[in-house]
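Below is one structure, written out as structure tokens; comments come after it.
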Amino acid sequence: MLRRPVAVFAIAPWAFGDVFPADLLTRLRQLADIDPATTFTSFEGPEAAAALAEANILLTGWGGPRVDEAVLAAAPRLRAVIHAAGTVKARVAPTVYDRGIVVSSAAEANAVPVADYTLAMLVLGAKRAFTRARRYAAAREDGPRDWLSGDGTGLHDCTVGVIGASRIGRLVLRRLRAFDVEVLLYDPHVSTAQAAALGVEPVSLDELCRRGDLVTVHAPALPETRHMLDARRLALLPDGAVVVNTARGSLIDTEALTAACAAGRISAILDVTDPEPLPPGHPLFALPNVLVTPHLAGAQGREMRRLGEFAVAEVGRFVNGVPLLGQVEPAQLPYIA
């Protein structure tokens with residue numbers, strides 16, 4: 001690239017400052033011409049058209065518009081889309097690849113807080129912390145103190161079933177090595193040798209459900225994975241099992257999960273739901289053995305800086321002709337979250 005590259009921001013203003021704080025913008029200025037005062041959430045209008053006409057790099061993020069045929073027609077110089085967030089599945093049209101444009105995602109950076117959240121929920125779920133906290137809050141002075149009992153709780157010596165050796169799933173597997181637990185893995189794309197290298201036992205999904213004291217979901221949302229945890233498989237779980245979902249809500253049959261949790265047989269910790277958000281007054285909100293969080297496991301607040309650091313480093317690699325660490329190939333799109 002003969003001239004100094006031009007990078008254009010396509011990210012919501014509410015996210016921009018956390019993803020690209022001042023020191024990261026300084027680093028970016030050393031690599032490309034940028035205008036931090038302008039961040040696009042739509043490519044309509046003359047200002048966007050003028051920016052696209054000069055853009056070599058699009059720095060996209062949450063709230064940014066999709067890069068489609070119309071955008072490409074307005075951006076003849078575009079050579080890279082670097083997404084300072086997670087999945088690019090819905091962010092780029094297939095024609096982006098037809099033009100030879102490189103696509104990168106900061107999904108690797110976003111995976112870190114999701115894995116941390118998951119591990120925290122596995123520890124707290126094994127402690128029955130949320131159920132016992134509600135009992136504690138509702139206890140009467142003259143009532144039974146059943147919130148004190150720790151019988152059968154704790155992560156030590158549990159069997160943890162991990163569904164999906166995705167980027168996040170592998171980080172969770174790595175973190176579980178610090179605990180004295182048996183780890184099962186269901187992932188049809190992982191060979192026996194690969195599972196051994198990961199230090200896990202490969203099993204079928206049914207066997208994972210039968211044996212898992214805790215089950216954590218890290219598979220992509222595909223037609224074949226919809227409701228992979230349905231009523232039949234939820235019934236296979238041992239009494240007292242805990243299900244954690246930070247992947248996609250559609251992987252679990254919400255109606256079946258609600259019934260199983262309402263019966264008190266299993267518990268659930270859900271950062272994603274189907275539908276999302278759940279309608280007000282949904283039974284899952286009221287169940288004492290269910291925690292529903294508002295899709296917050298991914299980068300939030302101070303964690304969002306990681307996304308910007310990754311994106312800025314990717315710009316540096318692109319400008320210097322070095323392979324991108326977060327490059328997303330078209331063949332990967334059907335299998336990512």
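The values are calculated or read from the model by the stated rules, or taken from the named source; none is laboratory data. For clarity, every value in this text was computed on a predicted model and none was experimentally measured. Ideal geometry is used to build each Cβ from the backbone, glycine not excepted, and the neighbour counts take in all protein chains shown. In case anyone asks, the SASA skips ligands and DNA or RNA and just uses the protein heavy atoms, side chains included. Shrake-Rupley method; radii C 1.70, N 1.55, O 1.52, S 1.80 Å.
To keep it simple, each residue is scored yes or no on (1) free of Cβ contacts under 8 Å to residues at least 60 places away in the same chain; (2) closer than 26 Å to A299 by Cβ; (3) surrounded by fewer than 15 Cβ atoms within 10 Å (Cβ to Cβ).
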site: R3; (1), (2), (3): yes, no, yes
site: P13; (1), (2), (3): yes, yes, yes
site: P36; (1), (2), (3): yes, yes, yes
site: E44; (1), (2), (3): yes, no, yes
site: V81; (1), (2), (3): yes, yes, no
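Which numbered condition in (1) open to solvent by 20 Å² or more (accessible area, probe 1.4 Å); (2) hydroxyl-bearing (S, T, Y); (3) in a helix (DSSP H, G or I) is the only one that T153 fails?
The failed condition is (3).
If I163 meets every condition in (1) buried (at least 16 other Cβ atoms within 10 Å of the Cβ); (2) out of contact with any His (no Cβ under 8 Å at 6 or more places or on another chain); (3) closer than 24 Å to L287 by Cβ apart from one, which number is that one?
(2)
What number of residues in segment 8-31 are more than 25 Å from the chain's Cα centre (by Cα) and either not aliphatic (A, V, I, L, M) or not in a helix (DSSP H, G or I) (or both)?
7
In segment 222-278, how many residues are surrounded by fewer than 17 Cβ atoms within 10 Å (Cβ to Cβ), touching a Ser or Thr at 6+ places or on another chain (Cβ under 6 Å) and touching a residue at least 60 places away in the same chain (Cβ under 8 Å)?
0
Restricted to segment 280-337, and to residues that are among the β-branched types (V, I, T) and surrounded by fewer than 16 Cβ atoms within 10 Å (Cβ to Cβ), which residue is nearest to A80 (Cα to Cα)?
V322
Of everything in segment 206-221, what is without any contact (Cβ under 8 Å) to a residue 60 or more places away in the chain, open to solvent by 10 Å² or more (accessible area, probe 1.4 Å) and touching a Pro at 6+ places or on another chain (Cβ under 9 Å)? Give them in sequence order.
Residues satisfying the conditions are R210, R211.
Would you be able to say whether some residue in segment 104-114 is assigned to a loop (DSSP other than H, G, I, E, B), touching a residue at least 24 places away in the same chain (Cβ under 8 Å) and within 30 Å of W62 (Cα to Cα)?
For segment 104-114, residues assigned to a loop (DSSP other than H, G, I, E, B), touching a residue at least 24 places away in the same chain (Cβ under 8 Å) and within 30 Å of W62 (Cα to Cα): present.
Evaluate segment 186-198: report whether one residue or more is in contact with a helix residue (DSSP H, G or I) (Cβ under 8 Å, 6 or more places away or on another chain), modelled with pLDDT of 95 or more, of a type in the set (G, A, S) and open to solvent by less than 50 Å² (accessible area, probe 1.4 Å).
Scanning segment 186-198, I find no residue that is in contact with a helix residue (DSSP H, G or I) (Cβ under 8 Å, 6 or more places away or on another chain), modelled with pLDDT of 95 or more, of a type in the set (G, A, S) and open to solvent by less than 50 Å² (accessible area, probe 1.4 Å), so the answer is no.
Do you know which residues across segment 15-33 are more than 18 Å from G321 (Cβ to Cβ), open to solvent by 30 Å² or more (accessible area, probe 1.4 Å) and without any contact (Cβ under 8 Å) to a residue 40 or more places away in the chain?
Residues satisfying the conditions are G17, A22, D23, T26, R29, D33.
Take the residues in segment 303-337 that are among the charged types (D, E, K, R) and modelled with pLDDT of 95 or more, then tell me which one is farthest from A129 (Cα to Cα).
So, considering only residues that are among the charged types (D, E, K, R) and modelled with pLDDT of 95 or more, the one farthest from A129 (Cα to Cα) is R317.
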